[in-house]
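Engineer: Structure below; questions to follow.
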Amino acid sequence: MASDTLTSPVIAGTATRPNIYHNFIDGQWVESTTGQTFENRNPADTRDLIGIFQRSGKSDVDAAVAAARRAFLKWRLIPAPRRAEIIFRAADMLAERKEDYARDMTREMGKILKETRGDVQEAVDTAFYMAGEGRRLFGPTTPSELPNKFAMAVRQPLGVCAMITPWNFPMAIPSWKLLPALVCGNTCVIKPAQDTPLSTFNLVRVLVDAGIPRGVVNIVTGFGAEAGAPLLEHPEVRAVSFTGSTSVGRTIGTTAAKSFKHCSLELGGKNPMIVLDDANLDLAVEGALWGAFGTTGQRCTATSRIIVEKGVYRAFLDRLVERARKLRVGNGLDETSDVGPAINERQLESDLEYVRAGQNEGARLECGGCRLEKGDYHWGWFMEPTIFSDVDRKMRIAREEIFGPVVAVIRSENFDEAVTIANDIEYGLSSSIYTRDVNRAFVAMRDLYAGITYINAPTIGAEVHLPFGGVKATGNGHREGGIGAIDFYTEWKSVYVDYSDRLQRAQIDRPE
Ligand code: NAP
Ligand code: MG
């Protein structure tokens, strides 16, 4: 067990000195060999230093992959139901620590407590689901075309898997990757986003406390170019699972292809919500607020385009703007806040740049658009929830992923045009439609070209046991969640057992 050799995960700070967090490599909590560290600060109040993390480099990655490679030789032979028992234990521990970990997450990335509790819960749900897989991992048995011959296909683990994750779901997304990989018998090295190392650290810590053997899970914190790139390029890594932006995803995909690594890419979105004339407007407004401004719009599935049929366009817009103006922007640790800060200064500047782009291109700014800087806002990266109307589908704010609290409302002549506008985009992650017409709902389910479609709900709200992922520039065809994750972290081996005691030739011998 890793705990036999445990060094200290964190050097506790004092009033004047912050906590120092370590990498976890080969069952030990260690400093980076680079001797460098970086700060993790609260985006709602940058005076709040959460901790100091290891700024790792290639030699740390090499040590972690070597440890994972050694551990794989044993871990793959442990029966899957036994591997799963560790994950069940981790699920219970995570549930017990939910409130503490949610507070850590709100502090490090800003989203409100209600949502960070949901993020931890998603990891708990994933742990229970994937632990259950320990007693399934089903494969087909099938008749052979020859007599006295048995045929089946079994799932085999891949080996060392690398995970590179974003900051917006800093525990849920790592759990979607680590937990299915582990139950399938793989060993892992994870590099979390530099903005949110603590939540992934907490997830790894739970796995360690639940008894994961030495070397099976390793965490290497640091920056993408310094710690992510060598991990991705490492020849012993057999699979790379990446969630992040489309531009970095393109590099990851092409690099992984050079050494024939399995590669799963979950990338950006520009998710449409359609509101038809017959919709329940109050419900649609409620959904739009949650979809567009939840997580400060920093979800890959955020509702970023609302396409409204002309008959209800004005009424919907008026109600949406009225409600958006009343949203309380503030520190996510304050239970009365509805919307937290942007993750960092760069993201806030990019959000404000999109506001200017929308205005320059002739969209109508209905509300918001400004940075909030006075009083308590002074130390954080806050901005007002922002709504543009009269948006043309060709404008940048209608086409590019903003990843902030900015939503574009587009008018459409009818249902068919709404679906065309919804699909006329580079991405294809999530989509939604509000209507009471069951026929149109079914046409939308068929024709919205996206990985996820919601009927009478906003574009967010995925559950862990269904496939998660998108089409077009949102990914490369893999799915996380549910059985799709098991498919990614295993490869098939077909097994033929001939008990006829003679040579039987497939396709050539054709018994009567
Ligand atoms: P990002 O900038 O692409 O970063 C994602 C991860 O890649 C981070 O850990 C980053 O490390 C690392 N990285 C950056 N450059 C790298 C390189 N050259 N080699 C290896 N790793 C590298 O994305 P983000 O800003 O964290 O997240 C926001 C994006 O994620 C949005 O586009 C959003 O749509 C997408 N997202 C997609 C999904 C989905 O499932 N489809 C879910 C959530 C988010 P550092 O941060 O330390 O540089
Ligand atoms: Mg931070």
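Engineer: Using the Cα centre of the chain as the reference point, and only Cβ charges (+1 on K/R, -1 on D/E), how large is the resulting charge dipole? Debye, rounded to the nearest 20.
Structural biologist: For this selection, approximately 1080 debye.
Engineer: I'd like the accessible area for TRP492: 1.4 Å probe, protein heavy atoms, all chains in place, Å² to the nearest 10.
Structural biologist: The value for TRP492 is about 130 Å².
Engineer: Once you have a ≥ b ≥ c as the square roots of the Cα gyration tensor eigenvalues for the stretch 1-98, tell me rounded if a/c is under 1.5, and otherwise prolate or oblate according to whether a/b is larger than b/c.
Structural biologist: Verdict is oblate for the stretch 1-98.
Engineer: Which value, in Å², gives the accessible area per residue of the stretch 87-139 when a 1.4 Å probe is used on the protein heavy atoms?
Structural biologist: Ligands and nucleic acids excluded, the result is 41 Å² per residue.
Engineer: Given a 1.4 Å probe and the protein chains all in place, what does the accessible area of TYR449 round to, in Å² to the nearest 10?
Structural biologist: That residue has around 130 Å² of solvent-accessible surface.
Engineer: Still on this structure, please answer the following. Which percent of the accessible heavy-atom area of the stretch 293-336 goes to carbon and sulfur, probe 1.4 angstrom?
Structural biologist: Exposed carbon and sulfur together represent 48 percent of the surface.
Engineer: Could I ask something else about it? Please report, as a whole percent, how much of the solvent-accessible surface of the stretch 393-489 comes from carbon and sulfur atoms (probe radius 1.4 Å).
Structural biologist: Here it works out to 51 percent.
Engineer: Once every Cα of the stretch 271-455 carries one equal point scatterer and solvent is ignored, give the base-10 log of I(q)/I(0) from the Debye formula at q = 0.08, 0.10, 0.12 Å⁻¹, two decimals.
Structural biologist: Rounded to two decimals, the profile gives -0.23, -0.36, -0.52.
Engineer: Label the stretch 146-258 by shape, choosing from rounded, prolate and oblate, from the square roots a ≥ b ≥ c of the eigenvalues of the Cα gyration tensor; if a/c is under 1.5 it is rounded, and otherwise prolate applies when a/b is larger than b/c, oblate when it is not.
Structural biologist: It comes out oblate by the Cα gyration axes.
Engineer: Over the Cα atoms of the chain, Rg to Rh with Kirkwood Rh, two decimal places?
Structural biologist: Radius of gyration over Kirkwood radius for the chain works out to 1.01.
Engineer: While we're on this one: CYS188's amide H: which non-local residues (gap 5+, or another chain) put their own amide H closer than 5 Å, with H modeled 1.01 Å from N in plane and none for Pro or chain starts?
Structural biologist: Residues meeting the criterion, in which the H sits 1.01 Å from N, are CYS161, VAL217, ASN218.
Engineer: On a 0 to 90° scale, report how tilted helix 345-360 is relative to the longest principal axis of the chain, with both axes built from alpha carbons and the result rounded to the nearest 10.
Structural biologist: 50 degrees
Engineer: May I pose another question? With all protein chains present and a 1.4 Å probe, how do THR453, THR301 order by accessible area, largest first?
Structural biologist: THR453, THR301
Engineer: Take the solvent-accessible surface of the protein heavy atoms, probe 1.4 Å, and return the percent of it on the stretch 1-156 that carbon and sulfur atoms account for.
Structural biologist: Summing carbon and sulfur atoms, their accessible area is 52 percent of the total for the stretch 1-156.
Engineer: So what's the net charge close to ARG41: Lys and Arg +1, Asp and Glu -1, counting the other residues with Cβ under 11 Å from its Cβ?
Structural biologist: -4
Engineer: To continue, here is another question. Quickly estimate the mean residue ellipticity at 222 nm for the chain, helices only: each DSSP H run with n ≥ 4 gives -39500 (n - 2.57), and the total goes over all residues, rounded to 500.
Structural biologist: Counting only the DSSP helices, I get -11000 deg cm²/dmol.
Engineer: Shape verdict for the stretch 42-87, please, from the Cα gyration tensor: rounded (a/c under 1.5), prolate (a/b greater than b/c) or oblate.
Structural biologist: The shape class here is oblate.
Engineer: Also, I was wondering about something else. Expressed as an acute angle from 0 to 90° and rounded to the nearest 10, what is the orientation of the C-alpha long axis of helix 197-209 relative to the principal long axis of the chain?
Structural biologist: The angle comes out at about 30 degrees.
Engineer: Quick one: which of LYS111/LYS374; LYS310/LYS394; LYS111/LYS261; LYS58/LYS114; LYS58/LYS258; LYS394/LYS472 span more than 30 angstrom between C-alpha atoms?
Structural biologist: LYS111/LYS261; LYS58/LYS114
Engineer: Local charge sum around ARG399 (other residues, Cβ-Cβ under 11 Å, Lys/Arg +1, Asp/Glu -1)?
Structural biologist: -1
Engineer: Once the Cα gyration tensor of the stretch 192-327 is found, what semi-axes does its equivalent ellipsoid get, as square roots of 5 times the eigenvalues, in whole Å, sorted largest first?
Structural biologist: After diagonalising the Cα gyration tensor, the semi-axes are 41, 19, 12 Å.
Engineer: Of all DSSP beta bridges in the stretch 271-455, what percent run antiparallel (nearest 5)?
Structural biologist: Roughly 20 percent of the beta bridges in the stretch 271-455 run antiparallel, per DSSP.
Engineer: Taking just the alpha carbons, could you work out the radius of gyration and Dmax for the stretch 371-512, both in angstroms?
Structural biologist: Cα-based Rg and Dmax for the stretch 371-512 come out at 24.3, 87 Å.
Engineer: Mind pulling the angle between the C-alpha long axis of helix 313-325 and the longest principal axis of the chain? Nearest 10 degrees, somewhere in 0 to 90.
Structural biologist: Tilt of helix 313-325: around 80 degrees.
Engineer: Can you work out ³J(HN,Hα) from phi for every residue in the stretch 120-135, in order, using Karplus 6.51 cos²θ - 1.76 cosθ + 1.60 and θ = phi - 60°, giving whole Hz and x for Gly and Pro?
Structural biologist: Computed from phi, the couplings for the stretch 120-135 are 5, 4, 5, 5, 4, 4, 5, 4, 5, 4, 6, 4, x, 4, x, 9 Hz.
Engineer: If you don't mind, there's one more thing I want to ask. In the neighborhood of ALA227, defined by Cβ-to-Cβ distances under 12 Å, what is the net charge if each Lys or Arg adds +1 and each Asp or Glu adds -1?
Structural biologist: So the environment of ALA227 carries a net charge of -1.
Engineer: For the stretch 271-455, what does the accessible surface come to per residue with a 1.4 Å probe? Please give it in Å².
Structural biologist: Result: 42 Å² of accessible area for each residue.
Engineer: When only the heavy atoms of the protein chains count and the probe is 1.4 Å, how do ARG305, ARG214 rank by accessible area, highest first?
Structural biologist: ARG214, ARG305
Engineer: Determine the relative contact order of the stretch 258-331: mean sequence separation of Cα pairs under 8 Å and six or more apart, normalised by residue count, in whole percent.
Structural biologist: Relative contact order comes out at 37 percent.
The values are calculated or read from the model by the stated rules, or taken from the named source; none is laboratory data. The model shown is predicted, which means the values in this text are computed figures rather than measured ones. Quick reminder, even Gly has a Cβ in these numbers, built from the backbone with ideal geometry, and neighbours come from all protein chains shown. What goes into the accessible areas is simple: the full protein's heavy atoms, side chains included, and nothing from ligands, DNA or RNA. Shrake-Rupley method; radii C 1.70, N 1.55, O 1.52, S 1.80 Å.
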